[in-house]
Each structure stands twice: as C-alpha cells, then as structure tokens.
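The values are calculated or read from the model by the stated rules, or taken from the named source; none is laboratory data. Source: prediction; values computed, not measured. Quick reminder, even Gly has a Cβ in these numbers, built from the backbone with ideal geometry, and neighbours come from all protein chains shown. What goes into the accessible areas is simple: the full protein's heavy atoms, side chains included, and nothing from ligands, DNA or RNA. Shrake-Rupley method; radii C 1.70, N 1.55, O 1.52, S 1.80 Å.
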Amino acid sequence: RRCQCAFRKFYSSAVRLKPLVILDKQYPTDEITNVTPAILAKIPMRLHNQANHPLSILKMIIQGHYSDFIHHSSLSPLVTPFKNFDELSFPTDHPGRSVTDSYYINKNLMLRTHTSAHEVEVFGKKEDKWLLTADVYRRDEIDGSHYPVFHQMEGASLFDATAEGMKEVEADNARLESILKQSNIVIDDIPHVSSTNPVQSSHDSVHAELVAKNLKLSLNSLILRLFGSGRSTPLRVRWIEAYFPFTSPSFEVEVFFGGKWLEILGSGVVLQSTLDKAGVQGKIGWAFGLGLERIAMILFSIPDIRLFWSQDERFLSQFNCGIITTFKPYSKFPACFKDISFWTAQDATPLHDNDFCDVVRDVAGDLVEDVKLVKKTAIVPSSSEVTNTRAD
Ligand code: FA5
Ligand code: MG
C-alpha cells in the first residue's frame, strides 16, 4: 500500500507537468511520462564505466577478448521510440512498446530497453566490428536476477557478402573450431538455420550459414574464456532457437552454472533492412546482446543483482581492475557502532577481557562482529561517573 501511495503521489498531475532534468538537460513531460525518481537516480551512475566495479572489469575482459573491435560505452540512454523499436523492425503492436513495459520521459523520448537501439547508428559510422556497453531500462519484475536497470554489451561483426568475404569467415571458423576442440566444453548445438529459424530472403543461404556458424563459434570461445578456467567438470553451454524482430536466424544461449541453466544472451544474423537503414551495402553479419549482470553474478559469485548498485565500501573494495575475485558476502545492513560503559565493583574478581566478550556473545549472539576495548582504568568512579570501555 505504501508503494501505491508513493506511485500516485509521483504521478499526480502537478509532478507530471513539471519538466524533468536528466544528465543536466531539461525535458518536457506529458501524459505518458512514467519514469520514477528511483530510476532517474540511476542514470548518472554508469556502473560499466566505474573503475574497479565488477561490471567494468567484465566489460574490459570481453573487450580484451574482442581485441580488434571498436568500443563504445558513453552513449546516452535517452532514445526515441523510433530508434529503440521502429528502426529494428519491431511491429507497431509489440508489447515492449507499452508504458507498462518501458520507461518514457515523454511520448517522443524513452530510456533504451536494449543496446540494440544503437545498431543503425553505429553501423551508420561504417564500423564493421564493434562492441557497445550501456545501461538499459525495463519495467521488469524485481528478484535476485532481474532488475529494472541493468547493463548489456552489444557486439557485431560484418563481412563482405562476397566469395572473398566468406573465405575470411571460413578461416576464422577453422581457427575458432580448433581452439574449442582442445577445451573442456560441451556444447548443445542446434542447426544454424531451419524452417522455424530461417535464412533471410535477401541472403545467400551458404553465406548466412557460415555467418551464423561464426557467431556461434565466436560466442562459444568468449564463454570458454569467461567460464572455462580452473574447472574440474566440463563447461556446459546450450544454444536455443529464438525470435528477435531484428535478426534471422536468431539464438539465445544458456550456461549451466550452480545447478541451473541461465540465459546470458540473445543473438542472430543481422536483418538486412537494419543495414539498409544504416546505409551499409554489400555486407552480411551477426550481432549479440549480453546481459552483463547475469555473467558477473556467476563469475564473481555475487548472489543478488541489487548488490551491483551498492556504493558500500564493503562491496566496492572487493574488486580490483582486471581480476575476477570471489565476492565475500556481508550484511545487508550498514555497520552500527555502539559505545558501552561497563564496570565492576571494587572488591569483585578482576574481569578479564574475554569474560566481557562472553557477556556480549551471550546477549547479542553473532550479530556482533567485533568488540574492541577502548580504555580500561582502575580509577574508582564517583557516584556520577563511570569508566568507559568501548565495544564496537
Ligand atoms: C535483447 O535485449 C536483444 N537486444 C539481444 C540481441 C542483440 C539479440 C543483438 C539479437 C541481436 P533479451 O531481452 O533476451 O534480448 O536480453 C538479453 C540479455 O539481457 C538476456 O539474455 C539476459 O541475460 C539479460 N537481461 C534481460 N532482462 C534482464 C533483467 N531484467 N535484468 C538483468 N538482465 C536481464
Ligand atoms: Mg531473452
């Protein structure tokens, strides 16, 4: 009920009519504005660019793997619905467009729901191989692995749609296959194309199959790089037929980790109409979108997706640039320090520090992490004074 009240208060017409200031710029609001203060507060944080944050460490590891790709990581999250949906051939009645699923600043501006929103823009720069990391926003459920703000990394690779271009793909496929053959990975594969996951009509089917195969090999080798080291059991990866309005054929990938299959990415052969809109001609290629939190949760053993937003030193100090370390859990509550004065009668048996610790343990149990003696004195207090010991 408290939540509903806050929601109604925020959406009262007085607030709604006020312009919103986002990243130092003012934007008008209208009857479909539904972005909340809690979401707005996340926009400047750009966790993927914060040094030593697990998301930025992961970003850098993936960038290192795709070393010949150009990187983008500072594009504004504010995009038009046209860019987020129409440019990518989403049908006009797609549920993702609704105000119940996406965050709108006003009817002409929204928070991107995926990094694919920048595909036409980046392909338009005539870049063939690129990665793009960004914060994305969805009015999703909140639980241990979903959050309304999360981070994706988009990757794309284009090749000349010619015999020469396909030779390049074949050579890369052979290189990747030989790496994967020698490693401890079990891949549950599906056909590169099928009647339910078809080649686009404008594509040569041999080209499309080679490119789909390159996409799979490339992602399998990335997954091996991320999850493969120091394992006693084989790494299990599963490819699943999927549907995205802007790729065909399309795939999702799941990794078996901690007894569960976890979906980590969506991918596919880029729709030719996306490249047409970007003014790219004579090329064919693939794209993927990785969920960074899902991968980082596994790699760093971070149990809850909300922890990524923590500014608590107990979280941030655990991660170092470029290294995957295992997260050590700590209390969800901030540390609370108490000063306690404790005294004994003059004629009593002297109190050992450990006796005092036992008293604390008896009363507070494991809630107390640390007890420190601040000062011990033999001075007998007058009736209005006590000696101070301090227990933190
Ligand atoms: C997409 O967002 C597509 N844009 C991916 C894509 C790119 C397909 C390029 C084809 C070509 P999807 O909605 O499945 O797809 O999200 C991709 C990944 O983001 C998921 O696999 C998951 O790892 C992560 N993800 C999705 N929703 C959430 C959420 N609420 N919280 C955390 N991670 C999420
Ligand atoms: Mg998905």
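Observations on the model:
- Ranked packing of 116-128, 343-355, most packed first, by mean Cβ within 10 Å: 116-128, 343-355
- Residue-level accessible surface for CYS336, protein heavy atoms, 1.4 Å, Å²: 90
- With all protein chains kept in place, the per residue accessible area of the stretch 238-345 amounts to 48 square angstrom at a probe of 1.4 angstrom.
- Gyration tensor (alpha-carbon) shape descriptor, the stretch 257-317, a/c threshold 1.5: prolate
- Assigned charges on the beta-carbon of Lys, Arg, Asp, Glu; the chain dipole about Cα centre (debye): 760
- Using R0 = 25 Å, the C-beta based FRET efficiency linking CYS336 and HIS65 works out to 0.05.
- Comparing GLU87, GLU164, GLU241 in a Gaussian network model of the chain (Cα springs below 10 Å), the most mobile by mean-square fluctuation is GLU164.
- Of the trypsin sites (Lys or Arg not before Pro) found in the stretch 184-241, those in coil by DSSP whose Cβ has at most 15 other Cβ atoms within 10 Å are ARG231.
- The orientation-averaged projected area of the convex hull spanned by the Cα atoms of the stretch 127-172 comes to 5.0 nm².
- Taking the DSSP bridge list for the chain and keeping only pairs wholly inside it, about 85 percent are antiparallel.
- The percentage of C-alpha pairs in the chain whose separation is greater than 26 Å is 62%.
- Simple rule: put +1 on each Lys or Arg Cβ and -1 on each Asp or Glu Cβ in the stretch 277-374, find the dipole, and look at SER301, PRO334, GLN346; the Cα lying farthest toward the positive end is SER301.
- Carbon + sulfur, % of accessible area of the chain - ligands and nucleic acids excluded, 1.4 Å: 55
- Stretched out straight at 0.36 nm per residue, the stretch from ASP189 to ASP276 would grow longer than its current Cα-Cα span by 28.3 nm.
- Each of GLY64, ALA278, ILE190 was placed along the dipole of the chain (beta-carbon charges, centred on the mean Cα), and the one lying farthest toward the positive end is ALA278.
- Cα gyration tensor shape of the stretch 6-163, rounded if a/c is under 1.5, else prolate or oblate by comparing a/b with b/c: prolate
- Pair ASP30, THR349: separation of 7 Å Cα→Cβ label points (nm): 8.1
- Taking the centroid of alpha carbons for each part, the stretch 330-345 and the stretch 151-170 are 60 Å apart.
- Cross-link partners for LYS125 among the aspartates and glutamates, with Cα-Cα distance under 18 Å and sequence neighbours closer than 8 places in the same chain left out: ASP68, GLU87, GLU154, ASP160, ASP276.
- The stretch 113-229 - accessible surface per residue (Å², probe 1.4 Å): 41
- Averaged per residue, the stretch 26-98 has 43 square angstrom of accessible surface, using a 1.4 angstrom probe with ligands and nucleic acids left out.
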